[in-house]
2 protein chains.
Amino acid sequence: MRINHFLKISELNKKTQIKGWVKSFQVHGKDLIFISLNDGSTCKDLQIVCKKGLDISLLTVGSAIAASGFLQKSPKGGQDVEFVADEVVILASADQKFPIQKKEHGFEFLREVSHQRARTRLFRVINAVKNEVNYSIHEFFYSRGFIWIQAPILTSNNCEGGSDVFEIKNSENSFKKTTLLSVSGQFHAEAMALGLKDVYTFGPTFRAEKSNTSQHLSEFWMIEPECSFSNLDENINLMEDFLKFTVNRVLRNCHKELKFLSDKLPNNEDLISKLENLLSEPFIRISYREAIDMLLKEQARGTKFENNDIKFGIDLASEHEKYITSKFKKAVFITHYPRAIKAFYMKDCEDETVLAVDLLMPDVGELMGGSERESDFEKLKAKAEEFGIPLDHLNWYLELRKYGYYSSAGFGCGYERLIMYLTGMKNIKDIINYPRSYGQLNF
Amino acid sequence: MRINHFLKISELNKKTQIKGWVKSFQVHGKDLIFISLNDGSTCKDLQIVCKKGLDISLLTVGSAIAASGFLQKSPKGGQDVEFVADEVVILASADQKFPIQKKEHGFEFLREVSHQRARTRLFRVINAVKNEVNYSIHEFFYSRGFIWIQAPILTSNNCEGGSDVFEIKNSENSFKKTTLLSVSGQFHAEAMALGLKDVYTFGPTFRAEKSNTSQHLSEFWMIEPECSFSNLDENINLMEDFLKFTVNRVLRNCHKELKFLSDKLPNNEDLISKLENLLSEPFIRISYREAIDMLLKEQARGTKFENNDIKFGIDLASEHEKYITSKFKKAVFITHYPRAIKAFYMKDCEDETVLAVDLLMPDVGELMGGSERESDFEKLKAKAEEFGIPLDHLNWYLELRKYGYYSSAGFGCGYERLIMYLTGMKNIKDIINYPRSYGQLNF
């Protein structure tokens, strides 16, 4: 029986057996030992009180034990209940070299033993939130009639062109063509949406960029919904609904975890109120041009931006995005970006902008990006050529437009980025259990 | 509004607008046109009756249309309701070359346009079942307190050794080591289970085998649960519970889809009763030795097997498995296989067998496989060496045993194989929307 289940149904004083790993222990004389036990199911450890003689010479931090006894109200503070054991069996001991000891471990050290991080309270909590978000993703889309689809990982196109991509060695032997790891499932999702109307992918995507930062991974998961007959506005509504649904579910079901993260991490005290506030009001929606105007006005007031050549056409830098979200103190959708700085498949407007949208979050920056897709074959082909996209393996994608393609819109949301926002964690390598990034592939 | 939602809430005679794609149409004189419309949300097309003049010169199969009108009881058989349109707008026409026409298309032809298969009723139905199973997987494990985890795709080990694996080109430049695509998330799941107790993965895995059959893919999805403190028996219970839960949910929520598949596919009439029967009784559990005895007795009765050298130690061939499941007419767990023919990480028994289990289904063959893992560091290391497993990148996995590893058990279930069983489809390339196999990587 998992400890959380046991605590939920437990009757006091009823004899039972629980199993878990020793987080720490304290010896108070020969006949009193306190053991903090966890089996991964609770945020807090369960205190085991061993009153009878236990041969503690073999007890080590990390050992797996089975404790037989009963639950009682705790006479002391710090916990409501404790487990009084009349027998404790060491099922499997842990070597003294076990890296996860009682003391605080730095993030950097834990990354070096990332296969063992789930044995710390912090990473159990992060995994609990991730699990809740995974379920929330499927619940949100399932309940709205979306069909989950698998976008392939092995692919012959690299979607937007620009990204660095991983290539399979000797793929000519296996597939008779150069084979890459997918950077996005969007194109495949568009084709499916053309038959199933509303679809979503949730799976891994890859970038081969030679960067090693706290914000990038070589392998990460994306949520990519795509809706036929949809437009930019409906897509923005979907983005807002999706994020609010997920935040609401995490607030409801992970309250203890959020409280722990809020107490534990630096500058994270306002985690819960930040999430609650997100739910209370509509997100801001402004155009890129309005954003540029805001920045120009601020500049005119004397504020210095590092990137100070602010005008229509620039990519908004982090500092610009931060200024805008801090001004509103809310999530901000920015729409209608200049066509030249966005992907070729986004639908052109008449004023050199495209039907694109990015969602910016205070502190975190861009969390999602989406667009309405170009639905006209000739226009899309001309734009792909203008943007220098190699079309060898993309004809199937362009030609979708020939067969009843009225309109389609969708967005991409990085799962690990979303978890960073929901937990207040600062390094994306601490969100995914086995981080892969430039120069780093362990375990 | 999606058509299925519209049909559910519809009030007769209330004016509304629906959108979808033209599956087929029939012209009965100038002022009566019947259009079969689908938007991917229903198994059956909705019949649109256009009584007023519609310029059908532009109407083609595959076109996207918007129909305004109301629902009424259908005067004729074939459907309960029909949609009487007073206006039909062609939103996006389809070129006459649209490959999905009204006639029946063979599976082989449809594989060549696999990006457009979701526009046929059959593949809409398959995707509906797949979506239900996806949700069912997460619901089953979530409701039992399992934590969903991401197993990495990029990896430096190939798990069992034997399989052909894909390698990333120039991975030394990116990761300073040979980098492969994962064949299984089990090792990573074991490490996580050691902190979270019960975990599961659901994600893509890869095999580079140069085979091109109806049963194999280069890229497919696996469900891999792993439970600490668990043993072989509990693992077998979990396998049975998982399959029954999924079958039950599909029977409940995809009845129309199953009925369609049962009518449409050859030799699939008993699909629904096959699934219902599965739920009604416990699965059979026999040991490998008992299976061998059964085969020997059958052989002694004069039955000829192609592989007739039946004795302890052989890999059971398809024909052997078929004989066993046909004898019981039920799902059969076979346990305690010879250690020499199973993976090195499975726990040894004293009689040259290991704590392994395969689940065999009538007609389909092996659907899942699992084991209790070796928990002793020295034994595991010796066995890995005996089996010739390269240990360069596996020390982290072996060393998990040094830190409170009492016992762990889990199984792997191929998602596409599971869908084949649930639908009665015969070719795995018709289950995944974008099949990748030897020599084949399109779209």
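Structure above, values below:
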{"read-out": "Restricting the stretch A:17-31 to residues that are of a type outside the set (Gly, Ala, Ser) and touching a residue at least 40 places away in the same chain (Cβ under 8 Å), the residue that is surrounded by the fewest Cβ atoms within 10 Å (Cβ to Cβ)", "value": "A:Gln17"}
{"read-out": "Test result for A:Phe333, closer than 27 Å to A:Glu372 by Cα, among the aromatic types (Phe, Trp, Tyr) and either assigned by TED's automatic domain parsing to the domain that holds A:Lys383 or under 28 Å from the mean Cα position of the chain (by Cα) (or both)", "value": "yes"}
{"read-out": "Test: residue in the stretch A:227-237 that is closer than 22 Å to A:Met425 by Cβ and either among the β-branched types (Val, Ile, Thr) or more than 14 Å from chain B (Cβ to nearest Cβ) (or both)", "value": "no"}
{"read-out": "Sole exception among (1) assigned to a loop (DSSP other than H, G, I, E, B); (2) surrounded by fewer than 14 Cβ atoms within 10 Å (Cβ to Cβ); (3) among the polar types (S, T, N, Q) for B:Ser326, by number", "value": "(1)"}
{"read-out": "Tally of residues being on the phi < 0 side of the Ramachandran plot and surrounded by 13 or more Cβ atoms within 10 Å (Cβ to Cβ) across the stretch A:53-68", "value": "11"}
{"read-out": "Filter result for the condition that a residue is among the β-branched types (Val, Ile, Thr), within 26 Å of A:His216 (Cβ to Cβ) and either facing chain A (nearest Cβ under 9 Å) or under 22 Å from the mean Cα position of the chain (by Cα) (or both), over B:Ile137, B:Ile149", "value": "B:Ile149"}
{"read-out": "Counted residues, the stretch B:191-209 - those being assigned to a loop (DSSP other than H, G, I, E, B) and facing chain A (nearest Cβ under 7 Å)", "value": "2"}
{"read-out": "Candidates B:Ser326, B:Ser318 - the one that is farther than 27 Å from B:Ser230 by Cβ, of a type outside the set (A, V, I, L, M, F, W, C) and within 22 Å of the chain's Cα centre (by Cα)", "value": "B:Ser318"}
{"read-out": "Single unsatisfied condition, A:Cys43 versus (1) under 18 Å from A:Gly78 (Cβ atoms); (2) touching a Phe, Trp or Tyr at 6+ places or on another chain (Cβ under 8 Å); (3) in a strand (DSSP E or B)", "value": "(3)"}
{"read-out": "Conditions (1) without any contact (Cβ under 8 Å) to a residue 12 or more places away in the chain; (2) crowded, with 18+ Cβ neighbours inside 10 Å: number failed by A:Leu391", "value": "(2)"}
{"read-out": "Any hit, the stretch B:66-86, residues being within 29 Å of A:Glu399 (Cβ to Cβ) and facing chain A (nearest Cβ under 10 Å)", "value": "yes"}
{"read-out": "Index of the failed condition, B:Ile431 passing every other in (1) more than 23 Å from B:Pro338 (Cβ to Cβ); (2) away from chain A (no Cβ under 14 Å)", "value": "(2)"}
{"read-out": "B:Gln17 away from chain A (no Cβ under 12 Å) and at pLDDT 90 or above", "value": "no"}
{"read-out": "Among (1) in contact (Cβ under 8 Å) with a residue 24 or more places away in the chain; (2) touching a Ser or Thr at 6+ places or on another chain (Cβ under 8 Å); (3) aliphatic (A, V, I, L, M) - the single one B:Ile168 does not satisfy", "value": "(1)"}
{"read-out": "Number of positions in the stretch B:87-118 that are touching a residue at least 40 places away in the same chain (Cβ under 8 Å) and within 14 Å of chain A (Cβ to nearest Cβ)", "value": "11"}
{"read-out": "Near pairs, Cβ below 6 angstrom, 6+ apart or cross-chain, from the stretch B:415-426 (farther than 10 Å from B:Val364 by Cα) to any residue that is aromatic (Phe, Trp, Tyr)", "value": "B:Tyr415/B:Trp221; B:Glu416/B:Phe220"}
{"read-out": "Search result, residues across the stretch B:404-413 that are crowded, with 21+ Cβ neighbours inside 10 Å and either outside the structural domain of B:Glu234 (by TED's automatic domain parsing) or within 16 Å of B:Asp241 (Cα to Cα) (or both)", "value": "B:Ala409, B:Gly410, B:Phe411, B:Cys413"}
{"read-out": "All positions within the stretch B:152-185 that are more than 8 Å from chain A (Cβ to nearest Cβ) and basic (Lys, Arg)", "value": "none"}
{"read-out": "All positions within the stretch B:59-114 that are assigned to a loop (DSSP other than H, G, I, E, B) and out of contact with any strand residue (DSSP E or B) (no Cβ under 9 Å at 6 or more places or on another chain)", "value": "B:Gly77, B:Gln96, B:Lys103, B:Glu104, B:His105, B:Gly106, B:Val113"}
{"read-out": "Matching entry among B:Ile168, B:Ile149, B:Ile100 (being closer than 30 Å to A:Cys43 by Cβ and buried (at least 19 other Cβ atoms within 10 Å of the Cβ))", "value": "B:Ile149"}
{"read-out": "Neighbours by Cβ (under 9 Å, 6+ apart or cross-chain): first from the stretch A:227-242, among the charged types (D, E, K, R); second surrounded by fewer than 20 Cβ atoms within 10 Å (Cβ to Cβ) and in a helix (DSSP H, G or I)", "value": "none"}
{"read-out": "Residue among B:Gly388, B:Gly365, B:Gly404, B:Gly439 that is at pLDDT below 95 and facing chain A (nearest Cβ under 9 Å)", "value": "B:Gly439"}
{"read-out": "B:Ile292, sole failed condition from (1) under 30 Å from A:Asp95 (Cβ atoms); (2) crowded, with 16+ Cβ neighbours inside 10 Å", "value": "(1)"}
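One line per residue, one yes/no per condition, for (1) at pLDDT 95 or above; (2) under 21 Å from B:Tyr421 (Cβ atoms); (3) touching a strand residue (DSSP E or B) at 6+ places or on another chain (Cβ under 9 Å):
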| site | (1), (2), (3) |
| --- | --- |
| B:Lys311 | yes, no, no |
| B:Ala317 | yes, yes, no |
| B:Phe333 | yes, yes, yes |
| B:Phe344 | yes, no, no |
| B:Val354 | yes, no, yes |
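To keep it simple, each residue is scored yes or no on (1) assigned to a helix (DSSP H, G or I); (2) buried (at least 21 other Cβ atoms within 10 Å of the Cβ).
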{"position": "A:Leu217", "(1), (2)": "no, yes"}
{"position": "A:Pro225", "(1), (2)": "no, yes"}
{"position": "A:Asp233", "(1), (2)": "yes, no"}
{"position": "A:Leu243", "(1), (2)": "yes, yes"}
{"position": "A:Asn248", "(1), (2)": "yes, no"}
{"position": "A:Leu261", "(1), (2)": "yes, yes"}
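The values are calculated or read from the model by the stated rules, or taken from the named source; none is laboratory data. Values in this document were obtained by computation on a predicted structure and should not be read as measured data. Glycine also receives a Cβ, built like all others from the backbone with ideal geometry; neighbour counts cover every protein chain displayed.
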